[in-house]
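The structure appears below as structure tokens.
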Amino acid sequence: MSEPSGYHPLPPHVDLAALDHEVIERWRSGRVFARSMAASADSPVWMFYEGPPTANGMPGTHHVEARVFKDVFPRFKTMKGYHVPRMAGWDCHGLPVELAVEKELGFTGKPDIEAYGIAEFNAKCRENVQRHVDAFQSMSERMGYWADYDNAYWTMRPDYVESVWWALKQIFDKGLLVEDHRVAPYCPRCGTGLSDHEVAQGYEEVTDPSVYVRFPLTSGPWSGRADLLIWTTTPWTLVSNTAVAVHPDVEYVVARHDGQTLIVARPLLAKVLGEDAEVLAAFTGRELERWTYQRPFEVVELDDANFVVLADYVTTEDGTGLVHQAPAFGADDLAVCRAYGLPVVNPIGPDGHFEAGLPLVGGAFFKDADDQLVADLDSRGLLFRHLPYTHSYPHCWRCHTPLMYYALPAWYIRTTAIKDRLLAENEATTWYPATIKHGRYGDWLNNNIDWSLSRDRYWGTPLPVWRNEADPSRMVCIGSLAELQELSGIELADPHRPFVDDVSFTLPGEDGTYRRVPQVIDAWFDSGSMPFAQFGAPWRNAEQAKASYPADYICEAIDQTRGWFYSLMAVGTLVFDQSSYRTVLCLGHILAEDGRKMSKHLGNILEPIGLMDEHGADALRWFMLCSGSPWSARRVGHKVLDEIASKIIRTYWSVASFQSLYARANDWTPGR
């Protein structure tokens, strides 16, 4: 029988992993991806942005999930006649990298880094983020993900940093980049503030003491005869108590309960004291204003404080309707106490420990002081009630240390000033699933607070603000390395710390020298700048960047609604008055076969290369694409992948092999 031209036989059995490698080699040797890009170069552009991973850890199975959905739509659009650029990228800066290097070096905090040397530490960070790049590229090739790694962007490169500086200068010039002294989330282990979207990723369930504490009145008609009753789940803040806030329009009652005379909000009377509590008198919150009381602890010096203040934020949904004020540790507390000219007392150092010389709590970590403080209150008869309270408490999303809300100077982007524009851009965005638009993401935007941008750290894009030493109100935001060289006369090859810290300049007609503020910026701003910074724009490739904005499609896991999805939209709207993307697909999380989260601790990690070597890349891709809605959580394991390989991939192969055998036997060729 003659051999039909161009029609190859298929064996009845197939080694799926071996077949993968044959296809990969064909793509590689034939430069198929590069040729497909060249062939479509003159076609209409359908823009895709790659969310940059940090390659300081090995790739996981969840990276396969994202890449499957990042790959399938660009391939489809290419087949539909579009040109789809797919520039890969690497996220290089930030706390995750610093903490990994600290762990390698055996460091326990910032003093160790500064003793080691910032230049030397940052060199280790630079090395760390390149450590597993080859593993990521190998995984991408192994699973059939096409992306341009030869021209990948790196957020640590000078041209990328320079683009980020340019964006920050635009925001600064609009009056939206400001320094302020605010209460903000703060990690005492890492020694830096965090942004609200970082905090959202780090909540952990804990059990704290829920305490009701008596504050004896020392003025007013019930002085010496009644106590204010407050409720808190953070006894450690009572050391810094400055005032007690009440709502001006809520009715408060003096009530007798079990021989004690206490003041609580009337709507909470039965809940707190019981139905049998006897009401002796009633006052509006406004009438209680400036009644003084005995503070719970005399641990720190405090003058001209400890009286009742009015605050509209006080509610009667829980607690007692009276809120203890510690302005160093609460944004609302700080605002209220500032209005009354009250002092801000902070006995806790940047490391999260009480000052060593203090009685009772000296040297204690803030969360560890709770038990001792509660016991002391109880011994003095001030503890009315003590209950365990299980709730979600914010922890550092990387080192898992409990966060403090801590008063400190920091730099903020006033995203609240563009809230309406962000909401409008969200309305113009197509979300999958659609519920995200007005649900998880829409709620996030509606409750938007200013972006806490600065980080008191080392490995990151330096905040490009130079301040006059003689007159700190005078500041210059630098938008490029060329601008900095023009002002200082110094050509800076590496814009990172500590090299940029040494660059200073003076301005004609002004006293004083301009020196850079010491902070670096939130790494999420880096990744949110990738639409233009990947090209080095506007100082390089400005037209290419303009033509590539915004993206038609982006895709990441659903937790990026408060990460990359937000930073992309925020930076784009701040700089260009337009979001960086039109359509976004949110992906569900990857779980182990038993439904638990994959972790080294549980020993249920499945390495992606191992899965593909055993079951073939197509089985894993099929699982990711077809095992439910993209935004649903997926349970991955050998059993389900073996089933896909057997019942779907090998079944398809058997059909093709059968067709091949009988087509050859009958001298059939396609199209005939």
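The values are calculated or read from the model by the stated rules, or taken from the named source; none is laboratory data. Note that this is a predicted model, so its numbers are computed, not measured. Heads up, the Cβs are rebuilt from the backbone with ideal geometry, glycines too, and the neighbour counts pull from every protein chain shown. Note: accessible area is taken over every heavy atom of the protein model, side chains too, but ligands, DNA and RNA are not part of it. Shrake-Rupley method; radii C 1.70, N 1.55, O 1.52, S 1.80 Å.
Residue check: ALA656 meets all listed conditions (1) at negative phi; (2) open to solvent by 40 Å² or more (accessible area, probe 1.4 Å); (3) out of contact with any Ser or Thr (no Cβ under 9 Å at 6 or more places or on another chain) but one, namely (2).
Can you tell me how many residues in segment 505-530 are under 24 Å from CYS125 (Cα atoms) and open to solvent by less than 50 Å² (accessible area, probe 1.4 Å)? Can you show your working first?
The first filter runs over segment 505-530 and keeps only residues under 24 Å from CYS125 (Cα atoms), leaving 516-530.
Next, from what is left, pick out any that are open to solvent by less than 50 Å² (accessible area, probe 1.4 Å): 516-517, 519-530.
Of the residues in that region, 14 qualify.
Residues of segment 557-592 that are modelled with pLDDT under 95 and of a type in the set (Asp, Glu): ASP559 alone.
Counting just the residues of segment 264-280 that are farther than 19 Å from HIS247 by Cβ and in a strand (DSSP E or B), which one comes out most open to solvent (accessible area, probe 1.4 Å)? It would help to see each step written out before you state the result.
Residues of segment 264-280 that are farther than 19 Å from HIS247 by Cβ, as a first pass: 274-278, 280.
Next, from what is left, pick out any that are in a strand (DSSP E or B): 278, 280.
Values: GLU278: 92, LEU280: 57 Å².
Of everything passing the filter in segment 264-280, GLU278 is most open to solvent (accessible area, probe 1.4 Å).
If I go through segment 542-560 residue by residue, how many of them are open to solvent by 20 Å² or more (accessible area, probe 1.4 Å), over 22 Å from the mean Cα position of the chain (by Cα) and under 26 Å from PHE73 (Cα atoms)? The total comes to 6.
Taken over segment 634-653, the criterion of being of a type in the set (D, E, K, R) and open to solvent by 30 Å² or more (accessible area, probe 1.4 Å) is satisfied by ARG635, LYS639, ASP642, GLU643, LYS647, ARG650. Taken over segment 344-359, the residue count meeting the criterion of being loosely packed, with under 15 Cβ neighbours inside 10 Å and in contact with a helix residue (DSSP H, G or I) (Cβ under 8 Å, 6 or more places away or on another chain) is 0.
On the stretch given as segment 72-128, residues that are over 16 Å from CYS187 (Cβ atoms), open to solvent by 50 Å² or more (accessible area, probe 1.4 Å) and among the hydroxyl-bearing types (Ser, Thr, Tyr) total 2.
Checked across segment 317-325, the condition of being free of Cβ contacts under 8 Å to residues at least 24 places away in the same chain, under 25 Å from PRO185 (Cβ atoms) and part of a loop (DSSP other than H, G, I, E, B) holds for at least one residue.
Being open to solvent by 10 Å² or more (accessible area, probe 1.4 Å) and not polar (S, T, N, Q) is a property that ARG131 has.
Does any residue of segment 431-446 turn out to be within 23 Å of TYR566 (Cβ to Cβ) and among the polar types (S, T, N, Q)?
First, the residues of segment 431-446 that are within 23 Å of TYR566 (Cβ to Cβ): 431-446.
Subsequent filtering for residues that are among the polar types (S, T, N, Q) retains 435, 446.
The answer is yes; a qualifying residue exists.
Here is the figure for segment 184-230: residues that are farther than 29 Å from ALA265 by Cα, basic (Lys, Arg) and outside any loop (DSSP other than H, G, I, E, B) total 0. Tell me yes or no: at least one residue of segment 76-88 is assigned to a helix (DSSP H, G or I) and farther than 21 Å from CYS555 by Cα. Taking every residue of segment 76-88 in turn, none turns out to be assigned to a helix (DSSP H, G or I) and farther than 21 Å from CYS555 by Cα. Among residues of segment 72-112 being in contact with a helix residue (DSSP H, G or I) (Cβ under 8 Å, 6 or more places away or on another chain) and charged (D, E, K, R), the one that is nearest to ASP150 (Cα to Cα) is ARG86.
Looking at segment 562-585 only, could you name the residues that are assigned to a strand (DSSP E or B) and either closer than 22 Å to PHE172 by Cα or of a type in the set (S, T, N, Q) (or both)? Please lay out each step first, then the result.
From segment 562-585, those assigned to a strand (DSSP E or B) are 581, 583-585; that's our starting set.
Correct list: THR583 only.
Within segment 89-110, the set of residues being more than 23 Å from the chain's Cα centre (by Cα) and assigned to a loop (DSSP other than H, G, I, E, B) comprises GLY106, PHE107.
Could you tell me whether segment 386-398 includes any residue that is crowded, with 17+ Cβ neighbours inside 10 Å and over 30 Å from ASP318 (Cα atoms)? Let's see the steps before the verdict.
Here is the first cut: in segment 386-398, the ones crowded, with 17+ Cβ neighbours inside 10 Å are 393-398.
Still in the list and also over 30 Å from ASP318 (Cα atoms): 398.
The answer is yes, given that some residue of segment 386-398 is crowded, with 17+ Cβ neighbours inside 10 Å and over 30 Å from ASP318 (Cα atoms).
Does VAL32 satisfy the criteria of being in contact with a His (Cβ under 8 Å, 6 or more places away or on another chain) and either farther than 17 Å from MET612 by Cβ or open to solvent by 60 Å² or more (accessible area, probe 1.4 Å) (or both)? The answer is no for VAL32. In segment 608-633, the qualifying residues are those that are part of a loop (DSSP other than H, G, I, E, B) and touching a Lys or Arg at 6+ places or on another chain (Cβ under 9 Å), and the one that is surrounded by the fewest Cβ atoms within 10 Å (Cβ to Cβ) is GLY628. Residue count for segment 151-164 satisfying the condition of being farther than 16 Å from PRO531 by Cβ and within 21 Å of the chain's Cα centre (by Cα): 1.
Number of residues in segment 525-561 that are assigned to a helix (DSSP H, G or I), more than 25 Å from TYR458 (Cβ to Cβ) and in contact (Cβ under 8 Å) with a residue 24 or more places away in the chain: the value is 7.
Go through segment 399-428 and give me each residue that's β-branched (Val, Ile, Thr), buried (at least 18 other Cβ atoms within 10 Å of the Cβ) and in contact with a strand residue (DSSP E or B) (Cβ under 8 Å, 6 or more places away or on another chain). Explain how you work it out, then say what you get.
First, the residues of segment 399-428 that are β-branched (Val, Ile, Thr): 401, 413, 415-416, 418.
If we keep only those that are buried (at least 18 other Cβ atoms within 10 Å of the Cβ) as well, we get 413, 415, 418.
Within segment 399-428, ILE413, THR415 qualify.
For segment 184-199, a residue qualifies if it is open to solvent by 20 Å² or more (accessible area, probe 1.4 Å) and over 15 Å from HIS400 (Cβ atoms), and exactly one does: ASP196.
If the condition is being of a type outside the set (Val, Ile, Thr), open to solvent by less than 30 Å² (accessible area, probe 1.4 Å) and farther than 30 Å from ILE449 by Cα, then segment 561-598 contributes ALA592, GLY595. How many residues are modelled with pLDDT of 95 or more and open to solvent by 10 Å² or more (accessible area, probe 1.4 Å) when one looks only at segment 455-469? Residues flagged as modelled with pLDDT of 95 or more and open to solvent by 10 Å² or more (accessible area, probe 1.4 Å) within segment 455-469 amount to 2.
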